[in-house]
Each structure stands twice: as structure tokens, then as C-alpha cells.
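Please read the structure below before turning to the comments.
The values are calculated or read from the model by the stated rules, or taken from the named source; none is laboratory data. The shown structure was predicted, so the numbers you read here are calculated from the model rather than taken from an experiment. FYI the Cβ positions are ideal-geometry reconstructions off the backbone, even for glycines, and counts take in every protein chain you see. Heavy atoms of the whole protein, side chains included, go into the accessibility calculation; ligands, DNA and RNA do not. Shrake-Rupley method; radii C 1.70, N 1.55, O 1.52, S 1.80 Å.
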Amino acid sequence: MSSDIFSKQINVADFDGDSRQDVLLVSHNESPLIDKSSSVFMALENGGFQKTILNDLSQAHSAQLSNWDGAKVVVTAGYLS
């Protein structure tokens, strides 16, 4: 797996319900403060991962996985939030 973003946390969960652990890297860019897209690496049946760029444009200093009414959600906090 490779990513061109800097992330302060690695978040692992089964985001798509296929019983395989996926990896979310929430974007963090501190100097300069520039919003960047986060990346999610969806686990594939063959053991590899497929990278998807999210359209979230964040500067997250932290990210927490949570369950909200049965749905997986990621809550982030940033410098300007």
C-alpha cells in the first residue's frame, strides 16, 4: 500500500461489510495548512488492497471510528474545526 498523504492515524474496520479489514488514512497536513483528500484501502479477496481517494478535503488531527445507528462513521477533529 502506498499513499501520497500524511496521516496521523491508521483506522482499520470492515467498511464495506465483506468481512475483510479495510484501512482508512485520514488526511493531515500541517505546514502549510492545505486541505487534502483522505485515502481508503479496501481489502480485496486476493489479499491485496484497492486505493480510493475520498472527496473529503480535511486536515484531521485525530480520527475516531464510531457506530451511529448501526452505520460505521469516522469522526475527525482538526485545527480549524
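Brief remarks on what is shown
- Simple spin-label estimate for TRP68 and LYS51 gives 2.8 nm between the two label positions (7 Å along the Cα-to-Cβ direction from each Cα).
- Within the full protein context, the accessible area of VAL74 is estimated at about 50 Å² for a probe radius of 1.4 Å.
- Expressed as a whole percent, the accessible surface of the stretch 33-81 that belongs to carbon and sulfur atoms is 53, based on a 1.4 Å probe.
- In the stretch 25-74, the C-alpha radius of gyration followed by the widest Cα-Cα span (Dmax) gives 13.1, 38 angstrom.
- Put SER66, SER19, SER58 in order of accessible area, highest first, and with a 1.4 Å probe you get SER19, SER66, SER58.
- Counting only protein heavy atoms and using a 1.4 Å probe, the accessible area of PHE15 comes to about 70 Å².
- Spacing of the two label points (7 Å from each Cα toward its C-beta) at ALA13 and VAL75, in nm: 1.1 nm
- Accessible area per residue, Å², the stretch 31-81 with all protein chains present, probe 1.4 Å: 71 Å²
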